[in-house]
Structure formats: C-alpha cells, structure tokens
Amino acid sequence: MTLTAERTREPAADRRGRPKKSRQGRETLLLMLPALIPVLIFSVGPLLYGIYLAFTDARSGRNSVTSFVGLSNFGDLLTDGDFWASFRIGLIWAVSVTVLQFVAALGLALLLNENLRFRAFTRVLAMVPWAMPPVVIGLMWRLVYHPNAGILNSTLQGAGLLDHNVDWLNDFSIALPAVIVVGIWTGMPQTTVVLLAGLQGVPRELHEAGHVDGATTWRRFWSITLPQLRPVIVTITSLDFVWNINQFGLVYVLTQGGPGGQTRLPMLFAYEEAFRYGFFGYAATLGVAIVIVVLAVLGLYIGRQMREVS
Amino acid sequence: MRTRTALVAAATAIAALTAGCSSGDGGDGGKAGEPVSLKFLSLAWQKESVAANKEIVDEWNKANPDIKVEYIQGSWDNVNDQLVTSFEAGDPPDVIHDDSPALAGFASRGYLLDLSGKLPADLKSDIPQAAWDTVTFGDGKGGQGVYGVPFLQESQVIIANRKLLDKAGVPVPTPEDPWTWDEFEEISKKLTKGDTFGVAWPLKTPVNKVLNLALNFGGTFFQTDGTKATVKVGPEEREVMQRVHDQLYKDKTADPSALGMGTADPLPGFYAGKYAMLPASVYLRQQVVEQAPPGFEWVTIPPLKGTSADQGAASQTLSVAADSKHPDQATKFISFFLNSTNQAKLAKGDWLLPTSVKAASDPSMTTEENGWNVATASAKNLVVAPYLKVNGFDEWKSKVATPALQQYFANKITLDEAAKTLVDEGNKVLERYNK
C-alpha cells in the first residue's frame, strides 16, 4: 500500500511543486482510512494499551486501583526464578522445534521434489497437519500419548521396546521432549511447502553444470542447492522461531504447562499470571519482554545472514 | 480537513455501535413484575448429577414463569478462566456453581455478591455453621461477607476389598470407633502379600489431599498474623507426609507405581486385587458401583484418626455475581435450588455429602447400601480447611506445593528439603498477595 502511494506521489510533486503534493497526500490518506481504522482499533490500540499496562500494577478485580509503577515490573521479572525457568524452557522448545523441524522438512521437501510416483498425492498428504487447528492436534496427540489407552505405549510394547506403560505427558523428564515432537509434527507442512517452492526455483542448469564437472550428489546439494536456498531458509527459520516461541494453544491443550511447570512456555506463564492469578500488569510486562527478546534474536540472526550474503 | 471529518464520523459511528450493544444488554432489567431471565452456570458432570440439576431447573421454570433460568453447562477444567474473563467483561452468569477455594479470590476482588442477610432463615438454619465458615471471606476492603451457599462437601474415606479384608481376618471398623493411623499401617502390612499391596496412594494432585488429611494431626500448613498469611511446616504438618512416605518406601505396603495416578486411575488394579485398600474421596464410590466386575465385594471404611479425625473441608457452592442485574431473583432461585429435598437429589447424583441437616437424615443418605451411612457419618469430622482463607493459595499450590510434594513422594527429595521449599518459596509467592 505504501509502495504504490509513494510511486504515484513522487512524479506529481516533481512536475507541479508543493501544494499539489500535499493535496494528493491528503487524498491518499483519505483513501487509506477505511483500511487503517480497523488496524488502528484492533491492532495498534491493544498493542499500545498492552505496553502501557506493563508499566502499571493492574490487577483483576472490581475494587482494585491501578497506578503507574514505572519499571518495577521489569525489576521483578529479572529476579523472578519462575520466569527464568519458563524462559529457558521457551528457548529450548523454540530452538529445538525450529531446528529439527527445518531438518525434517528439508528432507521431506527434497523427497517431494523428486519425480516419484503418486507425487501429487503425497504432497497433499504432507499438508494434513496444517489443515488441523492446534486444539484438535493437541487432543489427538493426548490420545496418542495416553498412558493406558494410547497407541504409542501399545505399539512400543508390542514391538518389545518397552515393558511398562509410560505416562509421557506427566513424567518430569519426558514431558518436554514429548511436546517438542508434537511441535515439530505440527509445523512441518508450512516449512516443507516453502522449502519445496524454493527448491523448484533452483535453476536446473547449475545442477547440470555440476554434474558435467563430476560433482557428487552430496557436493551438488552442499554447493548448489543450499546456497541457492539460503534466502528461503533464513526467512522460514526466522518465521518458525517467532511462531514457536509464541506458541500457546498446542501446549495448553497437551499439558497446561505441567508437570510441575516442566512445559510452561513463556506465553503459558503470561496467561497464568493474567487469567489465573489476576496480575494483568505483570503479565503485560512479560509480553513486552518476549517481544524485545524475539526482536533481538531475529535482529542478530538475520543481520548475520545478510552480512554473510553480501 | 476532510480527513478529520471522516475520522470524527467514524468515531461517532463506533461510539454509537458500542452504545447500542451495551444498552441492548441492560434492556431487560428494570421494573418488578416484568419477566426476567437468569443464566445459571452449572459444573455438574456425572450423568446422574446433570440430570438432577436440569430436573430442578425445569421444576423452577414451571413454577416461576416470571423468572426464567437458563441452564449453562460449564466444566471444572476451565471454569476459573471462563469466570475471570466474564467478570472482567462485566457480563458474568447470574448464578455461579463453583467451590469454596475459588470463592476466596473472587470475593476479595469484589466479583461476588455478599449474601449475608439476603437468604431465608430456614435455609440458613438448615446448614451448619461449619459449612457456612467455608464460604465466609474477606471482601478485600477489610470487611467480611458470605459469598455463596455451600451445598456439597466431600470427605476422604477408604474403599477396601471385602474379600481380602476377610481373608486377613481384619474386621471392618464402625464410624464410632475408626482405625487410627497406627492401626491402618499395621493392617496395611497384614494385607501386603505376594503381588498384593495393602494400599495404593494415587497422588498425582497431592496438595489438597495432604492438606485435608494433615488436620488429623493438627497440621494447618498456614498461620495468619492479622491479615498476613505465612506457610508453616512443623511436626504436625510433617506427620501425614512422613507416614504416607513410610508406607511407600519403608514398610513397602503401598504400591509406588500408583503414585502418578489420578483419583480414579487405580480402580482397574483395585478390582484385580492388586491393592486391598484405596484412600479416596466419597464420590469414588459411584465409579466402583458402576464399573466393578460382578461378584466384587467392597466396603467403605470410615476416615482415619490421628490426634483427631478432623479433615479439612471445602464445599461446592452457588454464588451470585456482583454484576448480576437481578440479584434478588437469583438469590430466590438459589434458595429453592438448595432446599433440603433438592440437596438430597444433588448429593445422590454426585455421590457427595449434602450440607443440609435435613437432607443428611433422608433415608437414602443413611442406608448401608454402597456405604452411604459411613459417608454421611464422616460429615461430622469436616472442619473448615485453613488454606481456604489464604490469599494466593492457588498460586502456592500450583507453583510450589504440587512440584515439591510430587518430588517428595517420588523419593527424589527429603522431607526437610520439601519442607524448606514449601516455606521459603511459598512465602515468596504469598508476599505478592500480602501487599
């Protein structure tokens, strides 16, 4: 929207000078208004309100008085052991899901890029997890992980790999890995599709030239496919990271952050603070802190990738 | 200029829209005699109990065409989140089914209507003071109020395999002369033979169970100094924790694999004779009656006695929202819904104990069948649980106590370490609420 506006404005300004430009600018603004109002009301407004809340001691309740407390929420956050534990879990979750998801999706994308039989069918099949809402995925996997009636326990026992039922989602050490597996499964389709699109954009001639020069398949993948895919990889992994660290619905349905907070992602922590214990101000602080962290991590990551490219 | 006009127009339109919404909301309030409608959020979930609830609502609607009650099905799993958001949005259900631990927080935040002085005398006198204590809380501004009507209570009893008791020559105790904890431990040893464990402690959610039973030895876990509550884990509090731990790891009379189970999960093993006794809440009898294989004989054993047989009690409650537009009609509905006849129906439907004295003397509540006599008699041991009055208990429970107790019973930390965590970390949590 802004791009088109810029483009139509500039030549006019060059030819006729200032007054015309400002009138046209006003008209553009007027035309944009219908689209701008919902954005202002439903996105920018709540965002600013959330940031404002982060600097208050807002609590739930009819007789609570909200006052401005400056940075004290941020101070509390820095010394809150539960927050750091949750933050650590959030990072483990986001990094491992993003990385493993990327590796698995790249493999799948390479496979689907080959000229296999039933290719159209398998491509559709790979999209299935994407078509499901997170709550349904959570419920489905809860059944898979069920200690007594779950298909996972009965399969593993049938294969002789396990001699007793494991309570996957309630075991202190297994719960987080079990949830991560679901996270990977859920996010694979979009990563696969994006990588597949990228793979199809890799010029065939490069591969042919490599082939003629006697490069092995592995060498061609490493020196041709991967560098060609780089922009796509940077984009999809950074998007995945943001999605994953802000993940809520899936884990809420699977474990509600249990057992004993072992899967309490930052967003679950914020949700509990706000809607279970009623500390709205503190929860808003958490939200702001996560935004800062995500921006910092992305800034570093994308900045480094860009520098390497140039 | 034009932009500004447009903005103003848009703002006016939005203001008009929102005004339209809110006036539509308040439109049905008003003059006496006009028919009103109430929303009733019920958390009943057992089939018989849902049927009993709906039946009573239908009966009311037939008798009171002017006050129409709409039954809304809620769930214990997410009732807190649902209520907090609807309270904050200003449109809560008029009549709310919940339990007394939840009411404490809601009351201090001003979400609920103080019912003291609003309830009819016969309802007030039908429910003993001990039960009213479980719904009397501070209003967050220094006063006290009654924030619900308590109607169902649960006590901890022991469900036992009759044949295994007979084989070991263990007589079934009466409510007048219950087992002490020491006797219980001896009997557990007698019953532990071969593949059979004497007892199974399902402690997936250990906090309320441990805190309620701790009162057997006078363990309160909290002390209040004026308005400020702090955690205390002294010898009285440690007694029950230590005894359960001993059964698991010293006497080896309790099955450690039952530890991670929820209340109903050990039932298949119990039917199969893997455990002889199952400490459980009275409502579990319903599942035993429905699911036990034919020929399985079971018996309800009265609550154990330490220095006393006292148990902490919480109750299920009906409350009126402070934002309700028809508080008087809502109170009238509650008074009808919880009269002694209806309480007997609801208690039977949920397999719990009625608070109403008249309902408890109903023949269906005192029959020996399915242990109703033992269950109903255990109501006299119920005293208000100290944690009910502690602001921030919910956060203490989920962040500190649940993990600490789980780790202690899994034998990963010692009793001293568990006690230290409960107190140190716990007081840090409570501090936020004491401000």
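Figures for the structure shown
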{"quantity": "Charge dipole magnitude, Cβ of K and R +1, D and E -1 - chain B, Cα centre, debye nearest 20", "calculated": "700"}
{"quantity": "Inter-part distance where the stretch B:73-92 and the stretch A:173-199 are each reduced to a Cα centre, Å", "calculated": "33"}
{"quantity": "At least 24 Å along the helix axis (C-alpha) and Kyte average at least 1.0, DSSP helices within chain A", "calculated": "A:81-113, A:175-200, A:280-309"}
{"quantity": "Heavy-atom SASA rank of B:GLU237, B:GLU154 (probe 1.4 Å, accessible area, largest first)", "calculated": "B:GLU154, B:GLU237"}
{"quantity": "Projected label distance in nm at B:ASP251 and B:GLU186, using a 7 Å step from Cα toward the beta-carbon", "calculated": "1.1"}
{"quantity": "Principal axis dimensions, the stretch B:56-197 - Cα atoms, whole angstrom, descending", "calculated": "61, 41, 34"}
{"quantity": "Along each principal axis, Cα extent of the stretch B:295-393, largest first, Å", "calculated": "53, 34, 24"}
{"quantity": "Amide H contacts under 5 Å for B:ASP99, placed H, 5+ residues apart", "calculated": "B:THR317"}
{"quantity": "Local electrostatic count at B:GLN316 - Lys and Arg +1, Asp and Glu -1, tallied over other residues with Cβ under 9 Å", "calculated": "-4"}
{"quantity": "Loop-resident sites, the stretch A:101-141, for trypsin sites (Lys or Arg not before Pro), counting at most 15 other Cβ within 10 Å (DSSP)", "calculated": "A:ARG117"}
{"quantity": "Which of B:ALA330, B:ASN212, A:HIS211, positive extreme of dipole for the protein assembly as shown (C-beta unit charges)", "calculated": "A:HIS211"}
{"quantity": "Karplus-derived 3J(HN,Hα), 6.51/-1.76/1.60, for each residue of the stretch B:91-97, Hz, glycine and proline x", "calculated": "9, x, x, 6, 10, 10, 8"}
{"quantity": "Highest-MSF residue in chain B out of B:ASP98, B:ASP265, B:ASP114 [GNM, Cα springs under 10 Å]", "calculated": "B:ASP265"}
{"quantity": "Whole-number Å³ per residue for the convex hull built on Cα positions in the stretch B:183-264", "calculated": "102"}
{"quantity": "Model label zone, B:ASN427; criterion: amide N under 16 Å from point 7 Å along Cα-to-beta-carbon; scope the stretch B:186-229", "calculated": "B:221-229"}
{"quantity": "Charge sum, other residues only, whose C-beta stays under 14 Å from B:GLU297's C-beta, Lys/Arg counted +1 and Asp/Glu -1", "calculated": "+1"}
{"quantity": "Two-decimal Rg/Rh across the protein assembly as shown, once Rg and the Kirkwood Rh are taken from alpha-carbon atoms", "calculated": "1.03"}
{"quantity": "Neighbouring partner chain Cβ atoms per residue of A:143-150, average, 10 Å criterion", "calculated": "1"}
{"quantity": "Cβ neighbours within 10 Å from other chains - mean over A:270-276", "calculated": "4"}
{"quantity": "Long-range amide H partners of B:VAL146 with built H, under 5 Å", "calculated": "B:LEU115, B:SER116"}
{"quantity": "A:SER67 - accessible surface, heavy atoms, 1.4 Å probe, Å² rounded to 10", "calculated": "50"}
{"quantity": "Counting all C-alpha pairs of chain B, share separated by more than 39 Å (%)", "calculated": "27"}
{"quantity": "Nearest-10 value in Å² for the accessible area of B:HIS97, using the 1.4 Å probe", "calculated": "10"}
{"quantity": "Inter-label distance for A:MET306 and A:ALA159, nm, one decimal - labels placed 7 Å from Cα along Cα-to-Cβ", "calculated": "4.5"}
{"quantity": "Cα-based convex hull volume of chain A per residue, rounded to whole Å³", "calculated": "240"}
{"quantity": "Relative contact order, percent, the stretch A:52-151 [alpha-carbon distance under 8 Å, six or more residues apart]", "calculated": "10"}
{"quantity": "In range of the label at B:ALA272: residues from the stretch A:153-175 whose backbone nitrogen is under 13 Å from the point 7 Å along Cα→Cβ", "calculated": "A:164-165"}
{"quantity": "Sulfur and carbon atoms: percent of accessible area, chain B [1.4 Å]", "calculated": "53"}
{"quantity": "Calculated FRET value between A:VAL135 and A:ASN246, using beta carbons and R₀ = 22 Å, to 0.05", "calculated": "0.85"}
{"quantity": "Positive-pole candidate from A:ASN170, A:PHE275, A:VAL234, dipole of chain A, charges at beta carbon", "calculated": "A:VAL234"}
{"quantity": "Dipole magnitude of chain A about its Cα centre (Cβ charges: Lys, Arg +1; Asp, Glu -1), debye to nearest 20", "calculated": "1440"}
{"quantity": "Loop-resident sites, the stretch B:215-306, for trypsin sites (Lys or Arg not before Pro), counting at most 16 other Cβ within 10 Å (DSSP)", "calculated": "B:LYS250, B:LYS252"}
{"quantity": "Efficiency of FRET from Cβ geometry, A:SER223 and A:THR66, R₀ 45 Å, rounded to 0.05", "calculated": "0.15"}
{"quantity": "Estimated [θ] at 222 nm from DSSP helical runs (n ≥ 4, -39500 (n - 2.57)) normalised by residues in chain B, nearest 500", "calculated": "-13000 deg cm²/dmol"}
{"quantity": "Peptide B:388-400 - average C-beta neighbours from other chains (10 Å radius)", "calculated": "2"}
{"quantity": "Two-site FRET efficiency, A:GLU205 against A:THR79, from Cβ-Cβ distance with R₀ of 51 Å, rounded to 0.05", "calculated": "0.30"}
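The values are calculated or read from the model by the stated rules, or taken from the named source; none is laboratory data. Predicted, not measured: the structure shown is a model, and the values here were computed from it. Neighbour counts run over all protein chains shown; Cβ positions are idealised from the backbone, glycine included. Note: areas computed on protein heavy atoms with side chains; ligands, DNA, RNA excluded. Shrake-Rupley method; radii C 1.70, N 1.55, O 1.52, S 1.80 Å.
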